[in-house]
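Only the coordinates and a few stated rules stand behind these numbers; no lab work does. Values in this document were obtained by computation on a predicted structure and should not be read as measured data. Here the Cβ positions follow ideal geometry from the backbone for every residue, glycine too, while neighbour counts run over all protein chains shown.
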Protein chains: 2
Amino acid sequence: MSSENSETRKKILETTWKLLESGGPSAVRMSDIARSTGISRQAVYLHFPSRAELLIATTRYLDEVKDVDARLEASRSAASGLERLDAYIEAWGNYIPEVYGVARALVAMQETDEAARVAWKDRMDAVRHGCEAAVAALRKDGALSKDLTAREATDLLASLLSIEQWAQLREHGGWSQPRYITLMQRTARLSLCAK
Amino acid sequence: MSSENSETRKKILETTWKLLESGGPSAVRMSDIARSTGISRQAVYLHFPSRAELLIATTRYLDEVKDVDARLEASRSAASGLERLDAYIEAWGNYIPEVYGVARALVAMQETDEAARVAWKDRMDAVRHGCEAAVAALRKDGALSKDLTAREATDLLASLLSIEQWAQLREHGGWSQPRYITLMQRTARLSLCAK
DNA sequence: GAATTTGGTTGACATGGTGTAAAGTTGACA
DNA sequence: TGTCAACTTTACACCATGTCAACCAAATTC
C-alpha cells in the first residue's frame, strides 16, 4: 500500500476532500478523484484498497489537518458545566461545516459498506463522548434536569448536535452558522438544565 | 406500466415494504423483491419503471394503508397550541417506526437519484407543514418563545422530529418508543414555548 | 372458434461503477 | 549496470440497474 507519507497519497486525500466539499449532487467516483489528482485510476488503488477506505482516510486526514482534538479541548477548561456545554457546542458546531462534504459521502456508503459503517460509528462515538463529558460536568454542578438520566441527556445532546441535524437546519432551514450555534446552545440549555 | 390497481402490483409493494422493514444491512435489490414476490425480475419493471419509482410508490402505498392523514388530523382539533404540539408529536412520532424501513432506503438513494431526492423532500415538506401549523397555534396562544421567529421554531421542530433523529435516539440511544415521545414532547415544549 | 389483449416468462445484452491482474515505463539510487 | 518504487496502460471479472425481443397462456371479444 506504499509508504504512509507519500506525496501522492497526500495529494489524493486533498483532492478527495476538495471534490467532496464542492459536492454537487453527483457522487464522487474513483475515476473523478484520479483525474483531478492527475494520476491514473489504478494509482489510487496503489494507495487505498477501496473507496470506503479512501473516504475513511480522508476523514482522518481532515481531523489531523484541522486539529479537531485541540479545538474540542478548549471546552474542557471551562469553569462551569454550563460554560462547558456552550463551549463544546461552539467548537463542534463550527467543526461540522469543515467536514460536511466528507461526512456526507461516508454516510451515503453506510448502507452498502461495513467498513464505512464502523468508521462513521467511531466518529459519532467520539462526539457522543464529548457530550457525555459535558453532561457529567453539568451534573456535577447540580445543573442537570431531574427529568433526564445522564444517559438520556447525553443521547439527546448528541442527536441535537448530529451532522444531519446541522445539515437540515443550515441547508433546508437556511440558518446562518452563528445563528445555528446560538440556537443550539439555547436549545441544549433549555432541554438539559434544571430550571 | 399496467393498471394502477393490479393484484401483482400490490403484491410487489407489500413485498418491498416487508423486505425494507426487516432491513438487514444489505440493500434490497430488484431481484430480491422479484424473488420474494414470486415473479421474475423483469415483471417488476412491468409495473414500476425504476427502483426509485418503486420505492416512492411504496411510501405512497404505506401512507394510504396506514392512513397518515387521518392520524395527523387528530392534532388539529386540539384546544390549545400546547396540546396541539403534543398531539402532533405523538401522531407523527408513532408513525415514524412504521415507515422507517422504506424511508431509510429512500434516503440512501438521495445521493444518486434525483426522483428519490424530490420524493423525500416532498415528504419532509409535509412534516414541516404540520410543524408550521403547530407553531402557528402556539403563537396564537402567545405561547411561542420570544427568542425564536415562527420560521425558526418551525425549522427547529421539524428537525427535532426528523426520522434521522428518531433513528439515532431509538437505535443508538436505545430509547423506547413511549420514552421517545415523552422526551420529544418535553424538549419541544421547553425549546419552543415562552416560560 | 379464432383473434387479440393482458400479464407474465426466459434469455441476452448495454451501461456504469468497483476492484483485480499483468506487463510495460521511467527515474532515482547504489 | 542493475534494481526498486511509483506509476501507466490495458484488460477483465463482478454486480446491479435497466432495455429488448421473442415467446406463452388465460381471459375477453368479435
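Only one residue of B:Tyr45, A:Leu54, A:Ala119 has its Cα farthest out toward the positive end of the dipole of the protein assembly as shown, where Lys and Arg carry +1 and Asp and Glu -1 on Cβ, and that residue is A:Ala119.
Sequence-distant contacts, meaning Cα pairs under 8 Å at least 6 residues apart, place the relative contact order of chain B at 20 percent. Close amide H pairs (under 5 Å, H built 1.01 Å from N) link A:Cys193 with A:Ser145, residues at least 5 positions away or on another chain.
Helix B:177-192 and the longest principal axis of the C-alpha atoms of chain B enclose an angle of approximately 50°. Other protein chain C-beta atoms within 10 Å of residue C-beta, averaged over A:150-158: 4. For the stretch B:44-98, the relative contact order comes to 24 percent (Cα pairs under 8 Å, sequence separation of at least 6).
Across the identical copies, the 7 Å label point of B:Glu171, projected outward along Cα→Cβ, sits 1.8 nm from its counterparts, in ascending order. Sorted shortest first, the distances from the A:Lys195 label point to those of the same residue in the other copies are 0.9 nm; each point sits 7 Å from Cα along Cα-to-Cβ.
When only Cα pairs below 8 angstrom with a gap of at least 6 residues are kept, the stretch B:82-195 shows a relative contact order of 36 percent. Summed over qualifying helices (DSSP H, 4 residues or more, each -39500 (n - 2.57)) and divided by its residue number, chain B shows a 222 nm mean residue ellipticity of -23000 deg cm²/dmol. The trypsin sites (Lys or Arg not before Pro) of the stretch B:131-166 meeting both criteria, a DSSP state outside H, G, I, E and B (loop) and at most 12 other C-beta atoms within 10 angstrom of the site's C-beta, are B:Lys146.
Using only the Cα atoms, work out Rg/Rh for chain A, with Rh taken as the Kirkwood radius, to two decimals. Taking Rg over the Kirkwood Rh, I get 1.04. Under the simplified labelling scheme, the A:Ala126-B:Ala43 pair shows an inter-label distance of 5.0 nm, with each label point 7 Å from Cα along Cα→Cβ. Compared with the direct C-alpha span, the chain from B:Ala78 to B:Thr149 gains 23.3 nm at full extension, assuming 0.36 nm per residue.
The string of couplings for the stretch B:133-147 from the Karplus curve (6.51, -1.76, 1.60, θ = phi - 60°) is 5, 5, 5, 4, 5, 4, 4, 4, 7, x, 9, 7, 4, 6, 6 Hz, one whole number per residue in order, with x for Gly and Pro. Sorted shortest first, the distances from the A:Gly23 label point to those of the same residue in the other copies are 1.8 nm; each point sits 7 Å from Cα along Cα-to-Cβ. Distance between the 7 Å Cα→Cβ label points at A:Ala115 and B:Thr8: 4.1 nm. Summing Cβ point charges (Lys, Arg +1; Asp, Glu -1) relative to the Cα centre of the stretch A:46-189 gives a dipole of roughly 340 debye. Measuring r between the beta carbons of B:Arg29 and B:His172 and using R0 = 30 Å, the FRET efficiency lands at 0.65.
Remark: mean inter-chain Cβ contacts per residue of A:120-128 equal 1, using a 10 Å Cβ-Cβ cutoff to other protein chain atoms.
Net charge dipole, the protein assembly as shown: roughly 200 debye, given to the nearest 20, about the Cα centre with Cβ charges of +1 for Lys and Arg and -1 for Asp and Glu.
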